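Below is one structure, written out as structure tokens, with a few remarks after it.
The values are calculated or read from the model by the stated rules, or taken from the named source; none is laboratory data. Being a predicted model, the structure only gives us computed values, none of them experimental. Heads up, the Cβs are rebuilt from the backbone with ideal geometry, glycines too, and the neighbour counts pull from every protein chain shown. These area figures cover heavy atoms from the full protein model, side chains too; ligands, DNA and RNA do not enter into them. Shrake-Rupley method; radii C 1.70, N 1.55, O 1.52, S 1.80 Å.
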Amino acid sequence: MRIDSGSVARTWWMYSLSGCAMLVGYPGLSPRLQDALHAAVAGLAVGAAVAAMRLYPQAQAGGWYLLAVIQVAHSIVDARDGETASALAVGLLCLVYYPLFIIGLVLLIRGHNPRGQPAAGPALRWPPSHLLLLSLGLTAVADVTYAAATMRGEPVSGIADVAWSLGSAALISAALYPSMRALGLPVLETTARFGPQQIMLIAAGMLTTMLGTLGASRSSSAVDITVFTVGTLGVSLLLLSRTVSIVRHLEQAVARAQALRAEADTREERRRWSERRFRSIVHSSSDVMLLARPDGTITWCGDSIERICGYQPADLTGREMVDFLHPDDVSVAAYFAESLVVPGSSAWLDCRLRLADGSYRIFQVTGRNALNDPAVDSLLFTGLDVTERRQLADQLIERAFFDHLTGLANRALLMDRVDRAIAQHDQDGRHAAVLLIGLDDFKTVNDSLGHEAGDQVLRQTAERLTERLRVADTAARIGGDEFAILLDDVNTEQAGAAASRVLGALREPFLIDDHEVYTSASIGSSTTSGKYDDPDVMLRDANIAMHRAKSSGKNRCEAFLPSMRADAVRRLELHGDLQRAVDRNEFVVFYQPIIELSTNRPSGFEALVRWQHPTHGLLGPDRFIQLAEETGLVIPMGRQILHRACCQASRWHTTLGSELRMAVNVSAKQVADGRLLDDVTRAMRVSGIDPSKLTLELTESALMADIDLAAKRLKALRSLGVRIAIDDFGTGYSSLAYLDRLPIDLIKIDRSFVATLDDPMQEATLVRIMVDLAHHLDIPVVAEGIETRTQRDRLVALGCPLGQGYLFSRPQDPQALEGALTDLLAEVR
């Protein structure tokens, strides 16, 4: 049966109103009606106590049972008041009433906080408790008034009945009060205290009842009043003492229970908070967390794996960890697993794990054997995604040790490996070699085609070097157009063979934006047999040998010799002197006549540069031209030579005849520089020379560095009226197919072919082919290096119209050449 609080409240208000009406009309009632009213009120009190037992939790039922019992006992006493009865029985019933009421009240107090369980709720001072205390007090007043009237032999006044009725009404109100529902709610703290006031109140009620009973018993002579009084007083005091002791112990027990419960709740709250924090950390962690059995079977996964790897945690339970490893990392993971065999051990591993989308990322996995921990009893793994960190580290390593343009090792990495090779040689005698490779005329490519084209040449060079190396060898780009190769475990002959392969690979044309670019390389080598202690020294010696290869004609390999160090020092000094020579205009121009072979008449001159060194005297071009090319000083030097040659030609046109031509050599760097057209225009304007009397001589290498750019630049020069000649024809790339693409006016056969004409038994096949080719292209031919009459005669027989050489005149300064020119021509005839 369920009774709602609303109906209880309505019942209480109705009872209160009827109680007020009873108080108003009670004095006018007859004694019989008053007795009937007493019985009704007692019945209502018992009914209210029973209703309270049904309304509220079982913990409070004991208190209401006692209150109902004592109410019935009190009604029996009151009903038998007019009868002749045993005074002792009546007195005992009155004496028992108050202790039972107190015990019932204590039970209600205890039920208000069963076992000290804290919860939200009101304190002990709720209105029903006041009503219960009021009921006790009013009943005590009624009994005292009744006992006093009885002892004096006076009629019982209506005050006793009213007090008793109000006491019963207070008991009923307490039982039916709406807030009595809060009695079933435990509270954290109780304020119930049995202080002196409560003890005195209980004692007064009990003593009053005892006195009333004593007065009633005076009418009987069978009772020993003294014995009865002392016994009753002793029993009352004993009950009072025991009641107070019980209440005190109950308060202490409640306090201890509350403290223990509060402590337990605090621990529980901390545990729950710690668990919530752990779950939050696991969920928001950047690490993957999982537990596994020793065989690698996953038993638990943290929620973060869904955010990081895309897997649902439940989908991984029961799977093998190895199923998610990259196949190449399985063997490494096996060693990792072996290091976690011992309980309490830990290890870490970088490996690639497969994500839900099938891609792989690098994780740093940390494992710990927690089988000795009963709370875990598993292998604990955490994984941190370090893909970006690893990529950044790889980029830093690549930037520190690799060339960003070609992908080859840089100087730092090369020097480290050369140092190791030297140490290895000291240990077991194995030799290593360093090949230092410098691209020939690379600046010409940069200046003519641009730096992007130059970068493509460098990248293709790196690819060709890599293709021709062994796995143990190291290719590096050490700066600009210079590369290096470290050959491991080779002797001198093997190093030379490797250099030859590299030279052959770099002779092949490079395809750059649909252009075929030709270049070559000069290589210097050094080996650990030179007893090196410092990798820098070994690389320096290879560099010295490379420059020797360049100065010796390029496109070759030179092995380092100790004597080259002195040459390198002289070369360094020469570089400084050459810079000063350009600034001080120390270069002089010698001239060699070009002769018509059939008539021995001069048709022109070739301007040849010499250096009047302040210390070493007059130096030929073989001592400094190569260095000037490498350093770029050939450009300002060539500008000076061009200007002087044009001015000299203008003077000779006045003194020797206007038909003489002037030929000036132009380097590949001058063609690529882009300022050659302005230099030629300025020289002709200053000197006043006829453009048709100026011939610019270029080598095949200068033309073939970039055939398209060369054709464009030569056409621009040709538009000025000057003539273009190919010098040392046949010694370069033998690119005869390009003769019809270039605006060529003259071909000069190299002296190496002319020298073969001295042997009458040797066919002049190559010279004949060159002369016939020039005739078919309608291009004049000049033979260089004629030193004997035999050479001249055979050239004439082959149809070569022009020549120059020591047979006619050595290169001389203008003054000496002018004085001896007539005698020279007479001797030749």
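The set of residues in segment 290-333 being within 21 Å of Asp373 (Cβ to Cβ), open to solvent by 60 Å² or more (accessible area, probe 1.4 Å) and not hydroxyl-bearing (Ser, Thr, Tyr) consists of Arg293, Pro294, Asp295, Trp300. When segment 575-605 is filtered for residues that are in a helix (DSSP H, G or I) and of a type in the set (Gly, Ala, Ser), the ones remaining, listed by number, are Gly576, Ala581.
Please find, within segment 610-627, the residue that is farthest from the chain's Cα centre (by Cα) out of those that are within 15 Å of Ser667 (Cβ to Cβ) and open to solvent by less than 20 Å² (accessible area, probe 1.4 Å).
From segment 610-627, those within 15 Å of Ser667 (Cβ to Cβ) are 621-622, 624-627; that's our starting set.
Okay, now just the ones that are also open to solvent by less than 20 Å² (accessible area, probe 1.4 Å), so 624, 627.
Working: Phe624: 55, Leu627: 50 Å.
Within segment 610-627, the match that is farthest from the chain's Cα centre (by Cα) is Phe624.
Return yes when Arg459 is modelled with pLDDT under 90 and either aromatic (Phe, Trp, Tyr) or open to solvent by 20 Å² or more (accessible area, probe 1.4 Å) (or both) and no when it is not. No.
With respect to the conditions (1) buried (at least 16 other Cβ atoms within 10 Å of the Cβ); (2) free of Cβ contacts under 8 Å to residues at least 12 places away in the same chain, Ser563 lacks only one, and its number is (1). Screening Ile523, Ile544, Ile512, Ile485 for residues that are out of contact with any strand residue (DSSP E or B) (no Cβ under 9 Å at 6 or more places or on another chain), of a type outside the set (S, T, N, Q) and crowded, with 19+ Cβ neighbours inside 10 Å leaves exactly one candidate, Ile512.
When the residues of segment 570-584 are filtered to those that are of a type in the set (A, V, I, L, M, F, W, C) and under 14 Å from Ser551 (Cβ atoms), the one that is surrounded by the fewest Cβ atoms within 10 Å (Cβ to Cβ) is Leu572. The residues listed here are Arg639, Arg651; of these, the one that is over 12 Å from Leu696 (Cβ atoms), buried (at least 19 other Cβ atoms within 10 Å of the Cβ) and either of a type outside the set (S, T, N, Q) or in contact (Cβ under 8 Å) with a residue 60 or more places away in the chain (or both) is Arg639. Could you list, ordered by first residue, the pairs with Cβ atoms under 8 Å in which the first is in segment 465-476 and surrounded by 16 or more Cβ atoms within 10 Å (Cβ to Cβ) and the second is among the polar types (S, T, N, Q), at least 6 apart or interchain? As it stands, the answer is Ala475/Thr466; Ala476/Asn410, since those pairs meet every condition given.
With the requirement that a residue be in a strand (DSSP E or B) and of a type in the set (A, V, I, L, M), what does segment 372-387 give you? Once the filter is applied, which keeps residues that are in a strand (DSSP E or B) and of a type in the set (A, V, I, L, M), segment 372-387 yields Leu379, Leu380, Leu384.
For segment 287-315, a residue qualifies if it is over 27 Å from the mean Cα position of the chain (by Cα) and not β-branched (Val, Ile, Thr), and the qualifying residues are Ala292, Arg293, Pro294, Asp295, Gly296, Trp300, Ala314, Asp315.
Only a single item in (1) in contact with a helix residue (DSSP H, G or I) (Cβ under 6 Å, 6 or more places away or on another chain); (2) within 30 Å of Arg307 (Cα to Cα); (3) not aliphatic (A, V, I, L, M) is not met by Thr406, and it is number (2). Residue check: Ser529 meets all listed conditions (1) under 25 Å from Phe401 (Cα atoms); (2) in contact (Cβ under 8 Å) with a residue 40 or more places away in the chain; (3) surrounded by fewer than 19 Cβ atoms within 10 Å (Cβ to Cβ); (4) in contact with a helix residue (DSSP H, G or I) (Cβ under 9 Å, 6 or more places away or on another chain) but one, namely (1).
Among the numbered conditions (1) at pLDDT 85 or above; (2) hydrophobic (A, V, I, L, M, F, W, C); (3) in contact with a strand residue (DSSP E or B) (Cβ under 8 Å, 6 or more places away or on another chain), the only one that Ile769 does not meet is (3). Residues of segment 444-464 that are free of Cβ contacts under 8 Å to residues at least 60 places away in the same chain and of a type outside the set (S, T, N, Q): Gly450, His451, Glu452, Gly454, Asp455, Leu458, Arg459, Ala462, Glu463, Arg464.
Quick check, is Glu630 under 60 Å from the mean Cα position of the chain (by Cα), over 25 Å from Gly576 (Cβ atoms) and among the charged types (D, E, K, R)? Working first, answer last.
On the way: under 60 Å from the mean Cα position of the chain (by Cα): yes; over 25 Å from Gly576 (Cβ atoms): no; among the charged types (D, E, K, R): yes.
When the stated conditions are applied, Glu630 does not pass them.
Mind listing whichever residues of segment 388-438 are at pLDDT 85 or above, among the small types (Gly, Ala, Ser) and either part of a loop (DSSP other than H, G, I, E, B) or buried (at least 16 other Cβ atoms within 10 Å of the Cβ) (or both)? Selection gives Gly407, Ala409, Ala421, Ala432, Ala433, Gly438.
Within segment 793-808, work out how many residues are within 17 Å of Ser752 (Cβ to Cβ) and either assigned to a helix (DSSP H, G or I) or touching a strand residue (DSSP E or B) at 6+ places or on another chain (Cβ under 6 Å) (or both). Please lay out each step first, then the result.
At the first step, the residues of segment 793-808 found to be within 17 Å of Ser752 (Cβ to Cβ) are 794-795, 798, 800, 803-807.
Retained after the next criterion (residues that are either assigned to a helix (DSSP H, G or I) or touching a strand residue (DSSP E or B) at 6+ places or on another chain (Cβ under 6 Å) (or both)): 794-795, 798, 800, 803-804.
Total satisfying the criteria: 6.
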